Amino acid sequence: MEHVIGYDLARGLHIIAIIAWVSGLLMLPRFYAYITGSQAGGELEQAMLKAARSLRMIILTPSLVLAWAFGIFLFATYLVADWSRPFPDIVASVPHWFWGKLILVLGLSGYHGFLSAEGRKLASGQRRHSERYWRLMSEIPFLVAIAVVLLATLEP
Ligand code: HEM
């Protein structure tokens, strides 16, 4: 039977969604750094709050959903090709590197949620962290992405 969406196309779309997701996660804390360094109620603060909100709504939320959707599709069609086996056999057949990747990806999703919550706090005028804190936080997704990509490609 012809498949509507093939494995390689799903892999490509998964990677495209991840490019958008990770680059959004790299940018958002930088916006927060600008907001934190700006004058409260000033023009820069308002412009950056708007940019951060748009980034979350237009790039980050859709790419998170698509990255997970294509990732789960790949998991279902490739890593676990036969769902008719007993559950413990299915779990045992999943390669070990994938569990490591899943933990990191859950961490990245949690980090995304944390950034969204912090964005709402910044919008309500609460500046709970320093500019330097947000600059350091913006490095985290890149470090996690390096580990995730190497796990997915080297399959150690
Ligand atoms: C959001 C949850 C995610 C799930 C459920 C998921 C799941 C998967 C699965 C099942 C594959 C197929 C594995 C294979 O072809 O050997 C895959 C491929 C891939 N994933 Fe993910 N993934 C997720 C997020 C990510 C993230 C955040 C990154 C990078 C930062 C990433 C990078 C990749 C890469 C580069 C491939 C292609 C590997 C290859 O073809 O050799 N994934 N993913």
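Every condition in (1) in contact with a helix residue (DSSP H, G or I) (Cβ under 8 Å, 6 or more places away or on another chain); (2) open to solvent by 90 Å² or more (accessible area, probe 1.4 Å); (3) farther than 24 Å from MET137 by Cβ; (4) of a type outside the set (A, V, I, L, M, F, W, C) holds for TYR34 except the one numbered (3). Give just the number: which of (1) open to solvent by 50 Å² or more (accessible area, probe 1.4 Å); (2) over 29 Å from PRO156 (Cβ atoms); (3) aliphatic (A, V, I, L, M); (4) in contact with a Phe, Trp or Tyr (Cβ under 8 Å, 6 or more places away or on another chain) does MET27 not satisfy? Of the numbered conditions (1) open to solvent by 50 Å² or more (accessible area, probe 1.4 Å); (2) over 29 Å from PRO156 (Cβ atoms); (3) aliphatic (A, V, I, L, M); (4) in contact with a Phe, Trp or Tyr (Cβ under 8 Å, 6 or more places away or on another chain), the odd one out for MET27 is (4). When ARG85 is tested against the conditions (1) among the basic types (Lys, Arg); (2) under 16 Å from the mean Cα position of the chain (by Cα); (3) modelled with pLDDT under 95, the lone failure is (2).
Go through segment 39-57 and report how many residues are part of a helix (DSSP H, G or I) and either of a type in the set (Gly, Ala, Ser) or farther than 19 Å from ALA117 by Cβ (or both). Final tally of qualifying residues: 7. Restricted to segment 77-98, and to residues there that are of a type in the set (Ser, Thr, Tyr) and open to solvent by 80 Å² or more (accessible area, probe 1.4 Å), the residue that is farthest from the ligand (Cβ to nearest atom) is SER84. Here the condition is being open to solvent by less than 50 Å² (accessible area, probe 1.4 Å), aliphatic (A, V, I, L, M) and more than 12 Å from the chain's Cα centre (by Cα); of ALA47, ALA69, ALA17, ALA51, it holds for ALA51 alone. Look at segment 108-123: where a residue is farther than 11 Å from PRO141 by Cα and assigned to a helix (DSSP H, G or I) and a partner is within 15 Å of the ligand (Cβ to nearest atom) and of a type in the set (Ser, Thr, Tyr), sitting 6+ places away or on another chain with Cβ atoms under 9 Å, you get SER116/THR61.
Listed by first and then second residue, the pairs linking a residue in segment 15-39 that is touching a residue at least 12 places away in the same chain (Cβ under 8 Å) to a residue that is away from the ligand (no atom under 16 Å from the Cβ) and among the hydroxyl-bearing types (Ser, Thr, Tyr), with Cβ atoms under 7 Å apart and 6 or more places separating them unless they lie on different chains, are THR36/SER130. In segment 113-156, of all residues being surrounded by 13 or more Cβ atoms within 10 Å (Cβ to Cβ), among the aliphatic types (A, V, I, L, M) and under 19 Å from ALA51 (Cα atoms), the one that is nearest to the chain's Cα centre (by Cα) corresponds to LEU115.
The values are calculated or read from the model by the stated rules, or taken from the named source; none is laboratory data. No experiment lies behind these values; they were computed from the predicted model shown. Quick reminder, even Gly has a Cβ in these numbers, built from the backbone with ideal geometry, and neighbours come from all protein chains shown. What goes into the accessible areas is simple: the full protein's heavy atoms, side chains included, and nothing from ligands, DNA or RNA. Shrake-Rupley method; radii C 1.70, N 1.55, O 1.52, S 1.80 Å.
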